[in-house]
Amino acid sequence: MNTLKGTSKKLVLIFILLSIPIVFAISSTNYNVTTSSVSSGGNASSTNYNTGVVTDDIVGSVSSSSYNQSIGFFFSFCGDGTCNSLEETCTSCVADCACSAGYTCTVGVCVADAVTTTTVDAGTGGGGGGGAVTLPDDFSIDEDSFNINIVVEDLKTREFTIKNLWNKTYNVEITLEGLENFILIEENILLEPFEERTIGFKIVSPDKIGVFPGKIILKSSRTRKEILVAINTQSKETLFDLSVTVLEEILEKKDNLRAQLTLLPVGEKGVDVSVKYLIKDFKGKVYYENSETFYVDGQMSYVKEFKIDNLDVEDYVLGVEMIYAGGFATASSQFKVVEEKFLPGIKLGNKTILLFIAGVILVLVIIITLRRKQTYKKYGRIIRSKKN
């Protein structure tokens, strides 16, 4: 019996090492807080990160350039041809989890997008017909959004990079929507074949409290791209750092929008504040507005929930405006409403499942066989002893 127990332990160990083809990994370079803003000091942003509800103070930071933890024998890695949904997304591993045609990767999720098509005549006679051929974009840009905190009467600069994807010269027109009074940027650029250029622009602060959303639009002969911008103003004299972060950037209409808000006093403590919550699209239209007043005498962090079933499929910004005696601050965080979330499939998912099932069955068969063998030996000894 002791031999059986020892053998069973060894089999369990073998089972753990060989039959569980699951790898858990966290890569900090793709571990990301959603687009967020902190008004007046501090920065609470990163790029592909999901966080739970935080209801207490947070101090310090955790970071790493390459943090990986793996368990199991069938190790998974980016580039192995398998999109492992437990650890890889279209953002963290493009090689394995690239989005299908007609989808754009947004915060690790493939979201359907509009494509530019060029109709090519496939024939005009004898049963010939027309067909549509989708051509690649003329150019690419390395930024799709900006969240800018700025003190009234201040001036800031930002930049993005545009790249010509073809061996052809393109003229790209740049226009503003909703930001004409606040952003200074060149209106036309000529891109030489395969040229990559940095485009800088200036932000002139609005002179009042508010979250001001809008778009920078870039257009060539057949490609259009948008950069979403939210400008958050604050007074020169400030008593609070204000931040807001939506806990999930990609939402369906049936979901609720949940956001983490943090108020950090940096001056006088113990004041009444009035906080207004707004949901706007990037044309400036307000879809939700609500206010509340409360007393703050120390750092305060809480989660707020909003219904979004009245929103269309579009990009939005959650804005927070805080007013107190002698000053104000604002912050915002961007999110997107989609019809249905789409996650990249697991290319070798069926094979992985079969390996797991085969491993379980193999271990069970070995255990049952050994138990029967030990039982036969036991009864054989009993029978022999009785005969003697």
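Read-outs: derived from the displayed coordinates by stated rules, not from any lab. Since the model is a prediction, treat every value here as computed from it, not as a measurement. We place every Cβ from the backbone using ideal geometry, glycine too, and count neighbours over all the protein chains shown.
Do we have LYS208 as closer than 29 Å to VAL152 by Cβ, surrounded by fewer than 19 Cβ atoms within 10 Å (Cβ to Cβ) and touching a residue at least 24 places away in the same chain (Cβ under 8 Å) here? Spelling it out, LYS208 is indeed closer than 29 Å to VAL152 by Cβ, surrounded by fewer than 19 Cβ atoms within 10 Å (Cβ to Cβ) and touching a residue at least 24 places away in the same chain (Cβ under 8 Å). Can you pull out every residue in region 233-271 that is outside any strand (DSSP E or B) and touching a Pro at 6+ places or on another chain (Cβ under 8 Å)? Result: LEU239, single match.
Looking at region 197-206, can you tell me whether even one residue there is within 29 Å of TYR324 (Cβ to Cβ) and not β-branched (Val, Ile, Thr)? Full working, then the answer.
First pass over region 197-206, keeping only residues within 29 Å of TYR324 (Cβ to Cβ): 203-206.
If we keep only those that are not β-branched (Val, Ile, Thr) as well, we get 205-206.
Yes, that holds for at least one residue.
Could you please let me know if LYS304 is surrounded by 15 or more Cβ atoms within 10 Å (Cβ to Cβ), more than 21 Å from ASP241 (Cα to Cα), under 25 Å from the mean Cα position of the chain (by Cα) and not small (Gly, Ala, Ser)? For LYS304, the condition - surrounded by 15 or more Cβ atoms within 10 Å (Cβ to Cβ), more than 21 Å from ASP241 (Cα to Cα), under 25 Å from the mean Cα position of the chain (by Cα) and not small (Gly, Ala, Ser) - is not met.
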